[in-house]
Amino acid sequence: MNAPGPRSVVSRSVIAIDGPDGSGKSHFAAGLAAAVEAAGGTVVLLRVDDFRVPVAFEGGSADRELSLYYDRYYDFAALDRALSTFLRGAADGAIAIVEGVLVLRATLPPQTPLVVLEVSPAVARQRILARDAAKGRTPQEITRRIERRYLPAQARYRAAFDPIARADVLVDNDDWTHPRVLRRADGRFPPAVATGLARLLPPG
């Protein structure tokens, strides 16, 4: 009887999914995770939104509100710890998909492959209004958040990190049932992720 061969050892890896508010990151990440698992991969989803902390925004100027949102609303140190814990795990080929706004502010491994979703301002606003209304927010409060937090924070972030230029895959996600690839250079993605991307982003 032959002895079993040695088990292959594959390091854990990370990919990032970025995009402005309303670009469909969570929807895309969930679809990609399902596609990767269908291709035989193991996925852990880490969402920037799961690392929010309570912040008192009321009563301040627009500049203060932006500063609080950008600098304190998301606990990137806690996200970094969660990602570090994942990477210290067994060399089992598992993949962490890290998704959310401002995601490049996390301490990602060097050369982490990046997917960036783009949407038109009108579509983004429509999605944000629908999303936040479902949480019980008034149209006035949602508009305030868009104008004083989401839009200026994204402008500050893009000036600092330039995610579009860094994207390995850039997607027009105005219609998330038919995403359109604007740029694709997915050679740095793990094979299971490349397979998953092919399912989500068919050519044509």
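The values are calculated or read from the model by the stated rules, or taken from the named source; none is laboratory data. Since the model is a prediction, treat every value here as computed from it, not as a measurement. We place every Cβ from the backbone using ideal geometry, glycine too, and count neighbours over all the protein chains shown.
Those residues that are closer than 29 Å to ARG12 by Cβ and either modelled with pLDDT under 95 or surrounded by 16 or more Cβ atoms within 10 Å (Cβ to Cβ) (or both), I need them from region 159-180; list them, please. Those that are closer than 29 Å to ARG12 by Cβ and either modelled with pLDDT under 95 or surrounded by 16 or more Cβ atoms within 10 Å (Cβ to Cβ) (or both): PRO163, ALA167, ASP168, VAL169, LEU170, VAL171, ASN173, TRP176, PRO179.
Filtering region 119-140 to residues that are surrounded by 12 or more Cβ atoms within 10 Å (Cβ to Cβ), part of a helix (DSSP H, G or I) and without any contact (Cβ under 8 Å) to a residue 24 or more places away in the chain leaves LEU129, ASP132, ALA133. The residue of region 103-118 that is surrounded by the most Cβ atoms within 10 Å (Cβ to Cβ), among those that are part of a strand (DSSP E or B) and touching a Phe, Trp or Tyr at 6+ places or on another chain (Cβ under 9 Å), is VAL115. Residue by residue through region 20-38, note down the ones that are acidic (Asp, Glu) and surrounded by fewer than 19 Cβ atoms within 10 Å (Cβ to Cβ). Result: GLU37, single match. Applying the criterion of being touching a strand residue (DSSP E or B) at 6+ places or on another chain (Cβ under 9 Å), part of a helix (DSSP H, G or I) and of a type outside the set (Phe, Trp, Tyr) to the residues of region 39-93, the residue that is surrounded by the fewest Cβ atoms within 10 Å (Cβ to Cβ) is ASP49. Within region 60-73, residues that are touching a residue at least 60 places away in the same chain (Cβ under 8 Å) sit with their Cβ atoms under 7 Å from residues that are among the aromatic types (Phe, Trp, Tyr), at 6+ positions apart or across chains, in these pairs: GLU65/PHE57. Set side by side, the residues ARG184, ARG158, ARG145 differ, and just one is of a type outside the set (A, V, I, L, M) and without any contact (Cβ under 8 Å) to a residue 12 or more places away in the chain, which is ARG158.
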